[in-house]
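The values are calculated or read from the model by the stated rules, or taken from the named source; none is laboratory data. Small disclaimer: the values here were computed from a predicted structure and weren't measured. As a convention, Cβ positions derive from the backbone with ideal geometry for all residues, glycine included, and neighbour counts pool all protein chains shown. These accessible areas exclude ligands, DNA and RNA; they are computed on the full protein's heavy atoms, side chains included. Shrake-Rupley method; radii C 1.70, N 1.55, O 1.52, S 1.80 Å.
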Number of protein chains: 2
Amino acid sequence: RFLWCFFFYIPDVNSFAARTNTCGELRAAHIGQEVTLCGWIQYQRQGLFLVLRDFQGLTQIIIPQDEAHSHVRKLLSNAPVESVVRVTGIVSSRPPGQENLKMPTGDIEVKVETAEVLNFCKKLPFEIKDFIKKSEALRMQYRYLDLRSSQLQHNLRLRSQVVMRMREYLCNHHGFVDVETPTLFKRTPGGAKEFLVPSREVGKFYSLPQSPQQFKQLLMIGGLDRYFQVARCYRDEGSRPDRQPEFTQIDIEMSFVDQAGIQRLIEGLLQYSWPEERGPITTPFPSMTYEEALADYGTDKPDTRFGMKIMDISDTLRRLDIGFVQNVLSYPHSTAKAICIPRGVRYLKNKDLESLKAAAKSQFNQCSALGSLRLESADLLEAAGMVLRDPAALHFLWVVDFPLFLPKEENPSELESAHHPFTAPHPSDTNLLYSDPTKVRSQHYDLVLNGSEIGGGSIRIHNAEQQRFVLEKVLKEDSEVLSHLLEALEFGAPPHGGIALGAITSSEFLLVVLVLQN
Amino acid sequence: RFLWCFFFYIPDVNSFAARTNTCGELRAAHIGQEVTLCGWIQYQRQGLFLVLRDFQGLTQIIIPQDEAHSHVRKLLSNAPVESVVRVTGIVSSRPPGQENLKMPTGDIEVKVETAEVLNFCKKLPFEIKDFIKKSEALRMQYRYLDLRSSQLQHNLRLRSQVVMRMREYLCNHHGFVDVETPTLFKRTPGGAKEFLVPSREVGKFYSLPQSPQQFKQLLMIGGLDRYFQVARCYRDEGSRPDRQPEFTQIDIEMSFVDQAGIQRLIEGLLQYSWPEERGPITTPFPSMTYEEALADYGTDKPDTRFGMKIMDISDTLRRLDIGFVQNVLSYPHSTAKAICIPRGVRYLKNKDLESLKAAAKSQFNQCSALGSLRLESADLLEAAGMVLRDPAALHFLWVVDFPLFLPKEENPSELESAHHPFTAPHPSDTNLLYSDPTKVRSQHYDLVLNGSEIGGGSIRIHNAEQQRFVLEKVLKEDSEVLSHLLEALEFGAPPHGGIALGAITSSEFLLVVLVLQN
């Protein structure tokens, strides 16, 4: 089906600009050329030479010491570090023995002919050098200075390139349509707390959406077939290191698709867009049911980079003649579970065991206790020097067959959606929806990487009657607030499903100017 | 510099889906193949045949009349129009004479073997046929039904493709970095009214930005070199047909660039991404000063598709011996101007002239009067049958050398920025900034297409002292609210400039569910 031609390109980063080359670009092959560079003074020494920096690297600039260049020498030696200059000169080979092998431009230097100081820099709050450690607070206050570091320059560029590859895969290879959905919307019932935006009508508010969920379903009903968006979403839940009030997700929805279809799509997407430097990805990703995940790992997002699975040792213990154990295990639904810690005797100290015991006690009677004990044991083992998890390993995992509904925490006799009310029931469990909804599995799927959830989605309900039944009879919600969606489902909604990948925070660009004001 | 290989592709729109082909895809070459199609019933006739539709087109489905297919026949004939079905069958040639040349799939039909109704459709509020006219209100209420029309499907797809081409040009060809800037920001002084978002701290608010202007300047100060973003912007100014509270702009900023650099970048961008169906674009675009535009066309966004320039006839009139004219022209700054209407005698009726006279009177003493009279005359000529403006013509135009400051409307002795306070003065006029700021031209440029402004930008002030002088001494503003930007300019800000193209509204996706609520 595909008519492809492999192609490659080097973006022209000097087009339209007042330079001929970047500071990371010149090599021995350029020797003899006249070049113009623009950049920041990274270092300078007594009017003899300076190191010029831009986003691509560093170049050494030699200042001739003869009378004819005295003006240039004076100009450049008066410019403080981080001043912005433009220099024109000839690319020359460094004197033998003075080459710098650690520097990509280390074979050459530029003998400056003319120079211009484009902007002076006043005394800096910290030095722009990768090896200088600064406090997080200072980095945030002067975010634009921190951005000049090679690490942040790399991060911002890598993010841009990965998202561009994702767009190519979705839009150019698979015919997805990038649609921008509104962010000034009406309130969605349930879910996270939403930001409200007062409108021009007194007492009326817009709401900033947590996700374009309803919009993308309406697009499918509109026959769009394949939608994606790099979507800005909002949650008014305060800032945490892993969660910000605004964040971005790769939002995808398609029609006439099943769970496996979305999974293969996402595997292909990640394979195509994954940065080469992070190694290749193997597909298809393994899959695990929610039930298995809970039983073996004590969590719905298992870190499968290491074993130490949870084992049921009830039967073994029952055979032992220990009174209090027998007693406990005689209660209905009682089980005894264990995690076998490899070489634990050697690696774990008494204080480690005490901290595990304390953690176990504090989580008494919570089913996730064993899952977090497993992770804590792993941390302790690694702190003690065991190599348990390869930091370069990529363990992708689909977790499937979640329950469709869960008992409400505040009132366990009532049910709430495990994810959201638009999730379709598992095809084998559709009849249970009407007889025993607590037993219904859903067509929700989570994508887990190394123990972190990096995406989640589902096949949606496309039948109006079923959607109304879920809202009114199972969830006992007022379906009136979703009447527009219920009505839309009645006008020929196709089967559809999707996923949201992310949430990629835009944290690289937090700025201290983001202070609230009256 | 470029290593290119031309490539082309056909996106695989059937990947991961429960169909083999779309409804717009099958041709004579497919005859004999078994195919599975999914789509909406566009038309059906008594269980004999139906026309199936999806985003790509229409396919005729023949229902065999033999006993073996009675189940399929019954199923399909019970499905109302706009129900969603999946059919599997054999592609066959249409009987001779029954080919439909107007239909891309008109050579074939699919003889259905098995079928499934995926969703039934209840009675529609209007028919989904391009030739059926519906009221705007009804189209908005059932936006998802309206989206099924071939026109809206085309619009959404074209927009997605054009934006994708822009991304390729900027990111892949010219090394721009796509950076997402925050939308929960602090208030910007001046400019349009901003939406406020109450925060979790009582009495403190975020503000939704009108543009990422400050962020992109800080990114340049951070050494990012080349930034772009398809940026969502907000203006709390109520809805108008050409302006919505939220809109999108292609937002661009680069370092070490001058006005001509940005102009050539944008010309290349439009040339690369312009849809083929709208014809090629010739570059460079012509340029006109603000002064010329006002003198010749009476507006700063001239429609140059036709002549009828404004002429100064003061000298001619002064030579005539007409008392009241001589009298009027004796006042200082008095001029007489005229528009010559080609073949006006033939095309314009008395009532047309009366309406022009009335319009002139109502705009008495406004300098834009002649500009709008020129456009009104053109409208009248075209209404009378003259072909004046080729609807396919693309007249791009740069308007440059705007004044940097304008007298405030409410108090003409004070000055305000003609665009925004970050705009740099024209290099030739820098000294005038300190002596006579009213005379300073700016490095602002507007891009005009057929008389509409489609973009605007400028070279920015990169010198902290100059920026402070403009804010404090010329505009008499409190520079404290911009202290973060002023400080940033002191730490080695590179010369930089940019542009915003758009505002592309997301109007294709207005939904009636966007009703405000308490």
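For the range A:225-236, indicate whether the set of residues that are more than 7 Å from chain B (Cβ to nearest Cβ) and without any contact (Cβ under 8 Å) to a residue 40 or more places away in the chain is non-empty. No, because not a single residue in the range A:225-236 is more than 7 Å from chain B (Cβ to nearest Cβ) and without any contact (Cβ under 8 Å) to a residue 40 or more places away in the chain. Considering (1) within 18 Å of the chain's Cα centre (by Cα); (2) more than 30 Å from A:His154 (Cβ to Cβ); (3) at the interface with chain B (Cβ under 10 Å from one of its Cβ atoms); (4) not basic (Lys, Arg), the lone condition that A:Leu196 does not fulfil carries the number (1). All conditions in (1) within 11 Å of chain A (Cβ to nearest Cβ); (2) touching a residue at least 24 places away in the same chain (Cβ under 8 Å); (3) open to solvent by 40 Å² or more (accessible area, probe 1.4 Å) hold for B:Ile10, with the sole exception of (2). Residues that are away from chain A (no Cβ under 14 Å), charged (D, E, K, R) and within 32 Å of the chain's Cα centre (by Cα) within the range B:435-481 comprise B:Arg441, B:Asp446, B:Glu453, listed in sequence order. Taking each residue of the range A:79-97 that is in contact (Cβ under 8 Å) with a residue 12 or more places away in the chain and under 30 Å from B:Ala488 (Cβ atoms) and looking for partners that are assigned to a loop (DSSP other than H, G, I, E, B) and open to solvent by 10 Å² or more (accessible area, probe 1.4 Å) with beta-carbon atoms closer than 7 Å, six or more apart or interchain, yields A:Ala79/A:Phe120; A:Pro80/A:Phe120; A:Glu82/A:Leu124; A:Glu82/A:Ile128; A:Ser83/A:Phe120; A:Arg86/A:Ala18.
Within the range A:349-361, the only residue that satisfies the criterion of being touching a residue at least 24 places away in the same chain (Cβ under 8 Å) and over 33 Å from the mean Cα position of the chain (by Cα) is A:Lys349.
Can you confirm whether the range B:211-218 contains a residue that is outside any helix (DSSP H, G or I) and touching an Asp or Glu at 6+ places or on another chain (Cβ under 6 Å)? Yes, the range B:211-218 contains at least one residue that is outside any helix (DSSP H, G or I) and touching an Asp or Glu at 6+ places or on another chain (Cβ under 6 Å).
Which residue out of A:Ile310, A:Ile252, A:Ile262 is out of contact with any Leu (no Cβ under 9 Å at 6 or more places or on another chain), open to solvent by less than 40 Å² (accessible area, probe 1.4 Å) and modelled with pLDDT of 90 or more? Only one candidate qualifies: A:Ile262.
For the range B:173-185, the condition holds for no residue, the condition being that it is part of a loop (DSSP other than H, G, I, E, B), more than 30 Å from A:Val13 (Cα to Cα) and more than 25 Å from the chain's Cα centre (by Cα).
Selection of the range A:287-304 for residues being among the small types (Gly, Ala, Ser) and open to solvent by 20 Å² or more (accessible area, probe 1.4 Å) yields A:Ser287, A:Ala295. Considering the range A:128-172, the qualifying helices (runs of 4 or more DSSP H), each wholly inside and each with 2 or more residues that are over 29 Å from A:Ser273 (Cα atoms) and not basic (Lys, Arg), run over A:136-141.
Select from the range A:446-466 the residues that are in a helix (DSSP H, G or I) and in contact with a strand residue (DSSP E or B) (Cβ under 9 Å, 6 or more places away or on another chain) and write down the one among them that is surrounded by the fewest Cβ atoms within 10 Å (Cβ to Cβ). Restricting to residues being in a helix (DSSP H, G or I) and in contact with a strand residue (DSSP E or B) (Cβ under 9 Å, 6 or more places away or on another chain), the top hit is A:Gln466.
Among the residues of the range A:277-286, the ones that are closer than 30 Å to A:Cys367 by Cβ and either hydrophobic (A, V, I, L, M, F, W, C) or open to solvent by less than 70 Å² (accessible area, probe 1.4 Å) (or both) come to 1 in all. Residue pairs whose Cβ atoms lie under 6 Å apart, separated by 6 or more positions or on different chains, with the first residue in the range A:115-128 and on the phi > 0 side of the Ramachandran plot and the second surrounded by 20 or more Cβ atoms within 10 Å (Cβ to Cβ), do not occur. The set of residues in the range A:379-400 that are in contact (Cβ under 8 Å) with a residue 12 or more places away in the chain and open to solvent by 30 Å² or more (accessible area, probe 1.4 Å) comprises A:Leu380, A:Ala384, A:Gly385, A:Leu388, A:Arg389, A:Asp390, A:Ala392, A:Leu394, A:His395. In this structure, is B:Leu58 open to solvent by 50 Å² or more (accessible area, probe 1.4 Å), within 26 Å of A:Asp178 (Cα to Cα), within 14 Å of another protein chain (Cβ to nearest Cβ) and touching a residue at least 12 places away in the same chain (Cβ under 8 Å)? Judged against the criteria, B:Leu58 is a match.
Report, by residue number, each residue of the range B:170-193 that is surrounded by fewer than 20 Cβ atoms within 10 Å (Cβ to Cβ) and more than 7 Å from chain A (Cβ to nearest Cβ). Those that are surrounded by fewer than 20 Cβ atoms within 10 Å (Cβ to Cβ) and more than 7 Å from chain A (Cβ to nearest Cβ): B:Thr188, B:Pro189, B:Gly190, B:Gly191, B:Ala192, B:Lys193. Working only within the range B:55-79, note down all residues that are among the aliphatic types (A, V, I, L, M) and either over 21 Å from B:Arg19 (Cα atoms) or over 44 Å from the mean Cα position of the chain (by Cα) (or both). Of everything in the range B:55-79, those that are among the aliphatic types (A, V, I, L, M) and either over 21 Å from B:Arg19 (Cα atoms) or over 44 Å from the mean Cα position of the chain (by Cα) (or both) turn out to be B:Ile63, B:Ala68, B:Val72, B:Leu75. If I go through the range A:276-292 residue by residue, how many of them are in a helix (DSSP H, G or I) and modelled with pLDDT under 95? Within the range A:276-292, residues that are in a helix (DSSP H, G or I) and modelled with pLDDT under 95 number 3.
Of the listed requirements (1) modelled with pLDDT of 95 or more; (2) of a type outside the set (Ser, Thr, Tyr); (3) open to solvent by 30 Å² or more (accessible area, probe 1.4 Å), A:Phe405 misses just one: (3). Selection within the range B:94-120: residues that are of a type in the set (Gly, Ala, Ser) and either more than 22 Å from B:Gly47 (Cβ to Cβ) or open to solvent by less than 20 Å² (accessible area, probe 1.4 Å) (or both). The member of this set that is farthest from the other protein chains (Cβ to nearest Cβ) is B:Gly97. When you check B:Gly261 against the structure, is it within 26 Å of A:Pro182 (Cβ to Cβ) and either touching a residue at least 24 places away in the same chain (Cβ under 8 Å) or at the interface with chain A (Cβ under 8 Å from one of its Cβ atoms) (or both), yes or no? No: the conditions fail for B:Gly261.
For (1) part of a strand (DSSP E or B); (2) more than 14 Å from chain B (Cβ to nearest Cβ); (3) within 20 Å of the chain's Cα centre (by Cα), each residue gets a yes or a no:
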| position | (1), (2), (3) |
| --- | --- |
| A:Met254 | yes, no, no |
| A:Val257 | no, no, no |
| A:Leu269 | no, no, yes |
| A:Leu294 | no, yes, no |
| A:Asp303 | no, yes, yes |
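Scan the range B:164-179 for residues that are charged (D, E, K, R) and in contact with an Asp or Glu (Cβ under 9 Å, 6 or more places away or on another chain) and the total you get is 2. Comparison of A:Lys134, A:Lys204, A:Lys123 shows that the only residue that is open to solvent by 10 Å² or more (accessible area, probe 1.4 Å), within 30 Å of A:Gln56 (Cα to Cα) and out of contact with any helix residue (DSSP H, G or I) (no Cβ under 9 Å at 6 or more places or on another chain) is A:Lys123.
Annotation: of all residues in the range A:305-329 being of a type in the set (D, E, K, R) and in a loop (DSSP other than H, G, I, E, B), the one that is farthest from A:Leu269 (Cα to Cα) is A:Asp321.
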